[in-house]
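Below you'll find the structure, written out as structure tokens, and then a few comments.
The values are calculated or read from the model by the stated rules, or taken from the named source; none is laboratory data. A quick note: this is a predicted structure, and the numbers were derived from the prediction, not measured. Using ideal geometry, Cβ is built from the backbone for each residue, glycine included, and neighbour counts are taken over all protein chains shown. Remember, those area values only see protein heavy atoms, side chains included, never the ligands or the DNA or RNA. Shrake-Rupley method; radii C 1.70, N 1.55, O 1.52, S 1.80 Å.
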Amino acid sequence: MRIFHALNGVELSINQLAKGLPDVPKPSLYRHIHTMLDASVIRVTRTQLVNGIEERFYTAYEGLIDPADVFQPDGLDQFADHVRLYGMSVAQELAGYVLRHGHSGLNNIAVRDWVFFATDEEFKHVRETIYELLRSMEALPRTEGRIKRRTFLMGHPLPAFSMAENKEKRTA
């Protein structure tokens, strides 16, 4: 998790990672990097020759996984790993922001969990409306006063309960 978080939004080599995570032995870094590459949660961004040896630079994948990848062998496992790692990384980043900025930083974040009933078509409409709005925000140029922001949305069906179970839960 610490390796993924260190690679979130930057590119680093194993040597740079080792300096930033001095308590993690290099063999462990190599092992975890290869595991994360296999799970498609990080990627090689570039290589360079250093004293005749190829040095690789890595970064964490941000955002969506290509939906076609889910249908590849082990695609669902890789997708689940990506969601788990990326979600934890985003949560850690938010917690770090709150701790660094204290109470004054709370006005600059948006955290909310909505639970609602919707058909598949209604949910698709909600999702596409949100995506359209966020795509328009991504298109805005970098200018003075605009800072880089992240919105991480996750939507999924919740386990179904029968009406009797639901009523029982409300009255308990």
In segment 1-37, what residues are of a type in the set (Ser, Thr, Tyr) and modelled with pLDDT under 90? 35
Output for segment 7-58, where each listed residue is of a type in the set (A, V, I, L, M), in contact with a Phe, Trp or Tyr (Cβ under 9 Å, 6 or more places away or on another chain) and either in contact (Cβ under 8 Å) with a residue 60 or more places away in the chain or over 22 Å from residue 83 (Cβ atoms) (or both): 12, 14, 17
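Tell me, please, whether a residue that is within 21 Å of residue 89 (Cβ to Cβ) and of a type in the set (Phe, Trp, Tyr) can be found in segment 146-156.
Filtering segment 146-156 down to residues within 21 Å of residue 89 (Cβ to Cβ) leaves 147-156.
Then drop every residue that is not of a type in the set (Phe, Trp, Tyr), which leaves 152.
Yes - at least one qualifying residue is present in segment 146-156.
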Residues in segment 128-139: is at least one free of Cβ contacts under 8 Å to residues at least 60 places away in the same chain, over 29 Å from residue 92 (Cβ atoms), of a type in the set (Lys, Arg) and part of a helix (DSSP H, G or I)? no
Residue set 123, 116; condition modelled with pLDDT of 85 or more, over 26 Å from residue 44 (Cβ atoms), more than 18 Å from the chain's Cα centre (by Cα) and assigned to a loop (DSSP other than H, G, I, E, B); output residue 116
Given the structure, is residue 106 over 30 Å from residue 33 (Cα atoms), open to solvent by less than 100 Å² (accessible area, probe 1.4 Å) and either in contact with a Lys or Arg (Cβ under 8 Å, 6 or more places away or on another chain) or in contact (Cβ under 8 Å) with a residue 12 or more places away in the chain (or both)? no
Restrict the check to segment 38-46 and report whether at least one residue is modelled with pLDDT of 80 or more, open to solvent by less than 90 Å² (accessible area, probe 1.4 Å) and polar (S, T, N, Q). yes
Given (1) over 17 Å from the mean Cα position of the chain (by Cα); (2) open to solvent by 70 Å² or more (accessible area, probe 1.4 Å), number of the condition residue 68 does not satisfy: (2)
